[in-house]
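Q: Next up is a structure, given as structure tokens.
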Amino acid sequence: MLTRENTVNLVLALLLLVAPLAANALGQPFYVTLATRIAILALAALGLNLALGLGGLVSFGHAAFFGIGGYAAGILSSHALSYEPMMFGLSGTVQMPIIWIVAAIAAGLVALAIGAISLRTSGVYFIMITLAFAQMVYYFAISWPAYGGEDGLSILVRNQFPGLNTMKPLSFFLVCYVVLLASIGLFALIRASRFGAALQAARQNETRVATVGIHPYRIRLTGFVISAMVTALAGALYADLNRFVSPSMLSWHMSGELIVLIILGGTGRLFGPLAGAALYVAFEFALGGLTERWQFFLGLILLGVVLFARGGLLGLLAGKAKHG
Amino acid sequence: MLLDVQDITTYYGASQALFGVEFRIDEGEVVALMGRNGMGKSTTIKSICNLMPPKTGRILFGGNATERLAPYKVARLGVGLVPEGRRCFPNLSVHENLVAAARPGSWTLDKVNALFPRLEERHAQMSKSLSGGEQQMLAIGRALMTNPRLLILDEATEGLAPVIRQDIWRAIRQLKAEGLSILVVDKTLSELLPVADRCVILENGRSVWQGSSGDVSADIQDRYLGV
């Protein structure tokens, strides 16, 4: 069905593909990297959008999962390159698919623990407790000298994907692009499923949900864990993009940035995170070239969005959300 | 016996709303819960669903005591509530409202759509954009999707156009014919009494009269239900 929103989504998806292809053809790899950054940030925000947009869970601690994904990539590849076994004598790997699985599982387990406690609260307490847990992970990473501590950990050679030379910017972009589209598809499937309907219903009214026999806590915990796993996948890709992972990926600025991306793009919208990430990176690039204080202007724009265009960029382009 | 409400008292904070309500519902029975406004009908229903747990007394549903169960567990035992004021999930579509509630059993999407064909016509529409009557059908359909053993209808026809009321009453009669147990609160006695097997009348938070619906005389109506 080609509704206005679907058209906008299609255009966004195609733009993100065509722009780096064109830049590559014109010999401008810098723009390919910029597009890769958009795709990865969009993926991270897409993960958060599951919890925030569908479940109404304002997690201010998703940087923890983003960073765990990043450290999974960094730690696995450093062990593989140094041939030093890790815990339990397991060896590292430079294969992206394995790294992704490890990243998602590690973040999922941490999210299960964090969510099991945080989801007993709601509203501002939930925001604060997720922030507190993320800060614990942050300080843990800073004080862990084995993997660089405060200085972070370099990934000497970008991890590999079977059949591709990931050192080529365009190849790595395509990997990220396909992962993003697949995750958007997963989001759409979840939103249309019984679980997705229950997650959204729990956001709208907890009592009513209970009277139809749904346990809001369990539904939310599942949503929170899936959300964290997607964000961790983005973290692993982000580490590979920069070939570097540091505690800054875990900092609360990162959590805030992910929320900003969602608000800019449109909360709960399928392509909201992508629209938000594109806008954010474009601002960062355009305004950042003009002034060092570009975040001041981003703040003004965010203020404008919250006050005058609450549906975000997608709300402006595609009309009010069907799901709100 | 399906539901056994044993002398419950329920409080809103410090103020007492129920002072001793007791009644029973058997399998396949339709029971009308009656009384003037503010006499405790809705509080009784919230107590049964454990949304407002009784302070004393107990409630057995299918032999299980509900006092320690969270509301969602009471619902899973088979209590299907259609709350007062046709409360759907406003930002979900008709289809999503129904699917979110689904539990295994004989009631499926097809069966609900057959009962309320309007819901099928509007399956993709946001429930907040439905008319009042359609929202009520959706609220009933959603409760049926949980495959309840007892359906509770709290003022299901209140504030609806006469034609729509007829649709709802027709559906209630059909559900009764299928053998579903129903607890119903409604002000339209001319429709309520023919469909109910028994009536329970509340006054000031107490169950003061019980009997078959044929025995609700004009005198009783005057005494307990008249304005």
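Q: Report yes if some residue within the stretch B:30-39 is farther than 16 Å from B:C199 by Cα, open to solvent by less than 40 Å² (accessible area, probe 1.4 Å) and over 15 Å from the mean Cα position of the chain (by Cα); otherwise report no. So that I can check it myself, show each step before the final result.
A: As a first pass, look at the stretch B:30-39 and keep what is farther than 16 Å from B:C199 by Cα: B:37-38.
From what's left, open to solvent by less than 40 Å² (accessible area, probe 1.4 Å): none.
The answer is no; no qualifying residue exists.
Q: Being in contact with a strand residue (DSSP E or B) (Cβ under 6 Å, 6 or more places away or on another chain) and crowded, with 19+ Cβ neighbours inside 10 Å is the filter; apply it to the stretch B:49-71 and report the residue that is farthest from the other protein chains (Cβ to nearest Cβ).
A: B:P54
Q: Identify the single condition in (1) in contact with a Pro (Cβ under 7 Å, 6 or more places away or on another chain); (2) part of a helix (DSSP H, G or I); (3) surrounded by fewer than 20 Cβ atoms within 10 Å (Cβ to Cβ) that A:S91 does not satisfy, given that it satisfies every other one.
A: Just one mismatch for A:S91, condition (2).
Q: Please state which one of A:G196, A:G185, A:G152 is away from every other protein chain (no Cβ under 14 Å), open to solvent by less than 40 Å² (accessible area, probe 1.4 Å) and either closer than 30 Å to B:M145 by Cβ or hydroxyl-bearing (S, T, Y) (or both).
A: Details: A:G196 fails: away from every other protein chain (no Cβ under 14 Å); A:G152 fails: either closer than 30 Å to B:M145 by Cβ or hydroxyl-bearing (S, T, Y) (or both).
Sole residue among the options that is away from every other protein chain (no Cβ under 14 Å), open to solvent by less than 40 Å² (accessible area, probe 1.4 Å) and either closer than 30 Å to B:M145 by Cβ or hydroxyl-bearing (S, T, Y) (or both): A:G185.
Q: Quickly run through the stretch A:158-182 and pick out the residues that are at pLDDT below 95 and open to solvent by 70 Å² or more (accessible area, probe 1.4 Å).
A: A:Q160, A:P162, A:G163, A:L164, A:N165, A:M167, A:K168, listed by residue number.
Q: Going by the conditions given, is A:F140 part of a helix (DSSP H, G or I), surrounded by 19 or more Cβ atoms within 10 Å (Cβ to Cβ) and not charged (D, E, K, R)? Spell out the reasoning first.
A: Numbers: part of a helix (DSSP H, G or I): yes; surrounded by 19 or more Cβ atoms within 10 Å (Cβ to Cβ): no; not charged (D, E, K, R): yes.
Spelling it out, it is not the case that A:F140 is part of a helix (DSSP H, G or I), surrounded by 19 or more Cβ atoms within 10 Å (Cβ to Cβ) and not charged (D, E, K, R).
Q: Within the stretch A:51-71, identify whether any single residue is outside any helix (DSSP H, G or I), among the β-branched types (V, I, T) and touching a Phe, Trp or Tyr at 6+ places or on another chain (Cβ under 7 Å), and answer yes or no. Step through it out loud before you land on a result.
A: Taking the stretch A:51-71 first, the residues outside any helix (DSSP H, G or I) are A:55-61.
Next, only the ones that are among the β-branched types (V, I, T) stay: A:58.
After this cut, where a residue has to be touching a Phe, Trp or Tyr at 6+ places or on another chain (Cβ under 7 Å) as well, the list is A:58.
Yes; the residues of the stretch A:51-71 include at least one that is outside any helix (DSSP H, G or I), among the β-branched types (V, I, T) and touching a Phe, Trp or Tyr at 6+ places or on another chain (Cβ under 7 Å).
Quick grid of which residues meet (1) crowded, with 23+ Cβ neighbours inside 10 Å; (2) small (G, A, S):
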| site | (1), (2) |
| --- | --- |
| A:G223 | yes, yes |
| A:V230 | yes, no |
| A:F244 | no, no |
| A:L250 | yes, no |
| A:P273 | yes, no |
| A:A277 | yes, yes |
| A:Y280 | yes, no |
| A:F283 | no, no |
| A:L290 | no, no |
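Q: I'd like to know if the stretch B:161-170 contains one or more residues that are among the aromatic types (F, W, Y) and in a loop (DSSP other than H, G, I, E, B).
A: Kept after step one, since they are among the aromatic types (F, W, Y), are these residues of the stretch B:161-170: B:169.
Retained after the next criterion (residues that are in a loop (DSSP other than H, G, I, E, B)): none.
Scanning the stretch B:161-170, I find no residue that is among the aromatic types (F, W, Y) and in a loop (DSSP other than H, G, I, E, B), so the answer is no.
Here is a yes/no grid of residues against (1) modelled with pLDDT of 95 or more; (2) of a type in the set (V, I, T); (3) within 12 Å of A:L250 (Cα to Cα):
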{"position": "A:A104", "(1), (2), (3)": "yes, no, no"}
{"position": "A:T121", "(1), (2), (3)": "no, yes, no"}
{"position": "A:M128", "(1), (2), (3)": "yes, no, no"}
{"position": "A:A134", "(1), (2), (3)": "yes, no, yes"}
{"position": "A:V137", "(1), (2), (3)": "yes, yes, yes"}
{"position": "A:P145", "(1), (2), (3)": "no, no, no"}
{"position": "A:L156", "(1), (2), (3)": "no, no, no"}
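Q: Of all residues in the stretch B:152-171, which are open to solvent by less than 20 Å² (accessible area, probe 1.4 Å) and closer than 20 Å to B:S106 by Cβ?
A: Hits for the stretch B:152-171 are B:I152, B:L153, B:A171.
Q: Another question, then. Taking the stated definitions as given, is A:G108 within 23 Å of A:I38 (Cβ to Cβ) and more than 14 Å from chain B (Cβ to nearest Cβ)? Spell out the reasoning first.
A: Numbers: within 23 Å of A:I38 (Cβ to Cβ): no; more than 14 Å from chain B (Cβ to nearest Cβ): yes.
No, not satisfied.
Q: Which of (1) over 30 Å from A:T267 (Cβ atoms); (2) open to solvent by less than 20 Å² (accessible area, probe 1.4 Å); (3) away from chain A (no Cβ under 13 Å) does B:Q174 not meet, given it meets every other one?
A: Failing condition for B:Q174: (2).
Q: Suppose we keep only residues that are more than 7 Å from every other protein chain (Cβ to nearest Cβ) and out of contact with any Asp or Glu (no Cβ under 8 Å at 6 or more places or on another chain) within the stretch B:72-84. Which one would you say is most open to solvent (accessible area, probe 1.4 Å)?
A: B:K73
Q: Pairs please, first residue from the stretch B:155-177 and over 16 Å from B:P194 (Cα atoms) and at pLDDT below 95, second anywhere and open to solvent by 60 Å² or more (accessible area, probe 1.4 Å) and of a type in the set (D, E), Cβ atoms under 9 Å, 6+ apart in sequence or on different chains.
A: From residues that are over 16 Å from B:P194 (Cα atoms) and at pLDDT below 95, the pairs are B:E155/B:E84; B:A156/B:E84; B:E158/B:E84.
Q: Looking only at the stretch B:186-193, decide whether some residue is of a type in the set (V, I, T), open to solvent by less than 70 Å² (accessible area, probe 1.4 Å) and either over 18 Å from B:E84 (Cβ atoms) or assigned to a helix (DSSP H, G or I) (or both).
A: From the stretch B:186-193, those of a type in the set (V, I, T) are B:188; that's our starting set.
Still in the running and open to solvent by less than 70 Å² (accessible area, probe 1.4 Å): B:188.
If we keep only those that are either over 18 Å from B:E84 (Cβ atoms) or assigned to a helix (DSSP H, G or I) (or both) too, we end up with none.
Within the stretch B:186-193, none of the residues are of a type in the set (V, I, T), open to solvent by less than 70 Å² (accessible area, probe 1.4 Å) and either over 18 Å from B:E84 (Cβ atoms) or assigned to a helix (DSSP H, G or I) (or both).
Q: Go through (1) closer than 22 Å to B:D26 by Cβ; (2) open to solvent by 60 Å² or more (accessible area, probe 1.4 Å); (3) in contact with a Cys (Cβ under 9 Å, 6 or more places away or on another chain) one by one and return the number of the condition B:R149 breaks.
A: Of (1) closer than 22 Å to B:D26 by Cβ; (2) open to solvent by 60 Å² or more (accessible area, probe 1.4 Å); (3) in contact with a Cys (Cβ under 9 Å, 6 or more places away or on another chain), only one is false for B:R149: (3).
Q: I need the full set of residues from the stretch B:139-159 which are over 21 Å from B:R36 (Cβ atoms) and out of contact with any Phe, Trp or Tyr (no Cβ under 7 Å at 6 or more places or on another chain), in order please. Full working, then the answer.
A: Taking the stretch B:139-159 first, the residues over 21 Å from B:R36 (Cβ atoms) are B:139-151.
Correct list: B:A139, B:I140, B:R142, B:A143, B:T146, B:P148, B:R149, B:L150, B:L151.
Q: I'm trying to understand the selection: among the residues of the stretch B:86-107, which are in a loop (DSSP other than H, G, I, E, B) and within 13 Å of chain A (Cβ to nearest Cβ)?
A: Step one: list which residues in the stretch B:86-107 are in a loop (DSSP other than H, G, I, E, B), which gives B:86-92, B:102-107.
Correct list: B:R86, B:R87, B:C88, B:F89, B:P90, B:N91, B:L92, B:A102, B:R103, B:P104, B:G105, B:W107.
Q: Could you list all residues from the stretch B:85-112 that are open to solvent by 20 Å² or more (accessible area, probe 1.4 Å) and either under 20 Å from the mean Cα position of the chain (by Cα) or of a type in the set (G, A, S) (or both)?
A: B:G85, B:R86, B:R87, B:A102, B:R103, B:G105, B:S106, B:W107, B:T108, B:K111 - these are the residues of the stretch B:85-112 that are open to solvent by 20 Å² or more (accessible area, probe 1.4 Å) and either under 20 Å from the mean Cα position of the chain (by Cα) or of a type in the set (G, A, S) (or both).
Q: Another question, then. Test B:G141 against the stated conditions and say whether it is open to solvent by 30 Å² or more (accessible area, probe 1.4 Å) and either outside any strand (DSSP E or B) or at positive phi (or both). Write out each step before concluding.
A: Working: open to solvent by 30 Å² or more (accessible area, probe 1.4 Å): no; either outside any strand (DSSP E or B) or at positive phi (or both): yes.
So B:G141 does not fit the description; no.
Q: To continue, here is another question. So which of B:E120, B:E134 ends up being in a helix (DSSP H, G or I), open to solvent by less than 50 Å² (accessible area, probe 1.4 Å) and free of Cβ contacts under 8 Å to residues at least 60 places away in the same chain?
A: Exactly one residue qualifies, and that residue is B:E134.
The values are calculated or read from the model by the stated rules, or taken from the named source; none is laboratory data. Given the structure is predicted, the values throughout are model-derived calculations rather than measurements. Ideal geometry is used to build each Cβ from the backbone, glycine not excepted, and the neighbour counts take in all protein chains shown. All accessible areas refer to the heavy atoms of the entire protein, side chains included, with ligands and DNA or RNA removed. Shrake-Rupley method; radii C 1.70, N 1.55, O 1.52, S 1.80 Å.
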